[in-house]
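Please see the structure below; I have some questions.
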Amino acid sequence: MTKPFYVLSPEDQNFAIEYHVEDPAKQEYLKSQWKRFKCYDTALAQTYEVLCRPTNPNLEVTVDRYLPANAPAGPYRVEIFVPAKHSTSKRVIFTITYRVNYSGSGTQEEYSYVMVDMSELNDVWHPLGEFHLDPSAGREIGKVRQYDLSIEDPPAQASYGPVRWVPLFSLPGKGPRFDAPVGSPEERNAPFPTGRVMFGKYPIWVGRWYDANPFLSWYTYGYHTGADLNLPGNTEADRGKEIYSIGDGIVTFAGRAGSWGNIIVIAHPEAKVTLPDGSRRKQAIFSRYGHVDHRILVRAGQRVKRGQPIGYIGLAANAISGSHLHFDICYTDLLAKRPAHWPNLDVIRALRWHASQRESRAYLSSQMSIKKEVISNYLDPFVFLRDNH
Ligand SMILES: [Zn+2]
């Protein structure tokens, strides 16, 4: 198992704030805007110190975090931790430096821009993309810089704290391949997006399919365990579209499951998984396909091949959100035992009744317990496909 490289707190020597203003009074003002606070990572039971500030359209500030210099060269997934508190900005810009050129006129950095909507992220590690990084080529390599250029009026809050660089080069050989569960054969065969290509604010998966409700979004039914895959257009745009097995495996459940409508669960004996602490290993996983219509093409116990059609997109039994495929990946044997599992529905129902008490201690701790249940069993299916495609 490979541990990721961490930089955990703003006091770390790798942390550098720059104020791009000459006027000392303005600099003092900018410095006074920073607040320090603590946030909690439920998955790792870790507390982090984080800095935050109001976004400011007029005065530019940058914050840098550096990849440890002794990190080996290779592909990395760069991730930031976004706390639930003090992270309301919808337009925080990050750059990741992946190459530097030294010339007569100094150092030239080549970097990638990523815009992050922090308002939708609550205490999660959020990927900024995957990069080949060679730290021996210069200190700037792997640098993650946050810009204050969000132009939000009124100002929102942007936070910056832990960054991790997850090495992607430790798992030997090519494992079995997995594809998206929707899309044409060409679309499913094409490279899976390595950055978060967006349709509006939604990540695109294959072709025009987008995820309207990404992993760990907090919404009416709790923290989302997977992705809700949709085609653009009206809510019925994806109705009746074929669903495919994402990889070779054995069907462990296919049939009716309460308010889900129909679901299909498939066991896959080996896949590369990234656990919540950023470590990676090979193990068995389960893929689940929810809101399948009545034409189920497989039965429990049947072997299926990657890309084999297994059913068609339908509706949930009490559908309010229109047709879509709910798709998730479980890395424990939970779905083998409880194919229709949904994290603590009773608590979620209770929380919906008490929505007015969102700030209360009881509300927050119930919310945290649901999140813990999700993280302890499900993987981000987008990251999973990127690792295994
Ligand atoms: Zn869903």
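The values are calculated or read from the model by the stated rules, or taken from the named source; none is laboratory data. Note that the coordinates shown come from a computational prediction; the quantities given were computed from them, not determined experimentally. No Cβ is skipped: glycine too gets one built from the backbone with ideal geometry, and neighbour counts run over all protein chains shown.
Residues checked against (1) acidic (Asp, Glu); (2) part of a loop (DSSP other than H, G, I, E, B); (3) more than 18 Å from the chain's Cα centre (by Cα):
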residue: 100; (1), (2), (3): no, no, yes
residue: 108; (1), (2), (3): no, no, yes
residue: 115; (1), (2), (3): no, no, no
residue: 122; (1), (2), (3): no, yes, no
residue: 126; (1), (2), (3): no, no, no
residue: 164; (1), (2), (3): no, no, no
residue: 169; (1), (2), (3): no, yes, yes
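Further question: Hey, among 277, 328, 238, 293, which residue is touching a strand residue (DSSP E or B) at 6+ places or on another chain (Cβ under 6 Å), among the charged types (D, E, K, R) and within 26 Å of residue 366 (Cβ to Cβ)?
Going through 277, 328, 238, 293 in turn, the sole match is 328.
Could you list, in sequence order, the residues of the range 290-344 that are acidic (Asp, Glu) and more than 30 Å from residue 369 (Cβ to Cβ)?
Hit for the range 290-344 is 293, nothing else.
I would also like to ask the following. Mind counting the residues in the range 215-259 that are surrounded by fewer than 19 Cβ atoms within 10 Å (Cβ to Cβ), outside any loop (DSSP other than H, G, I, E, B) and within 12 Å of the ligand (Cβ to nearest atom)?
Qualifying residue count, the range 215-259: 2.
Then there's this: Of the residues in the range 283-321, how many are farther than 21 Å from residue 223 by Cβ, within 13 Å of the ligand (Cβ to nearest atom) and in a loop (DSSP other than H, G, I, E, B)?
Summing the residues that are farther than 21 Å from residue 223 by Cβ, within 13 Å of the ligand (Cβ to nearest atom) and in a loop (DSSP other than H, G, I, E, B) in the range 283-321 gives 1.
Can you tell me which condition residue 121 does not meet? The list is (1) assigned by TED's automatic domain parsing to the domain that holds residue 269; (2) surrounded by 15 or more Cβ atoms within 10 Å (Cβ to Cβ), and all the others hold.
Here residue 121 meets the rest and fails (1).
Here's a follow-up. With respect to residue 203, determine if the residue is in the same structural domain as residue 269 (by TED's automatic domain parsing), under 30 Å from residue 313 (Cβ atoms) and in a loop (DSSP other than H, G, I, E, B).
no
Same structure, new question: Test residue 268 against the criterion of being more than 16 Å from the ligand (Cβ to nearest atom) and in contact (Cβ under 8 Å) with a residue 60 or more places away in the chain, and give yes or no.
Taking the combined requirement at face value, the residue satisfies it.
Every residue, every condition in (1) modelled with pLDDT under 80; (2) in a strand (DSSP E or B); (3) hydrophobic (A, V, I, L, M, F, W, C); (4) touching a His at 6+ places or on another chain (Cβ under 9 Å), yes or no:
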| residue | (1), (2), (3), (4) |
| --- | --- |
| 6 | yes, yes, no, no |
| 9 | yes, no, no, no |
| 25 | no, no, yes, no |
| 30 | yes, no, yes, no |
| 48 | no, yes, no, no |
| 64 | no, yes, no, no |
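If you scan the range 179-198, which residues turn out to be farther than 23 Å from residue 76 by Cα and either crowded, with 17+ Cβ neighbours inside 10 Å or modelled with pLDDT under 85 (or both)?
Matches in the range 179-198: 181, 182, 183, 188.
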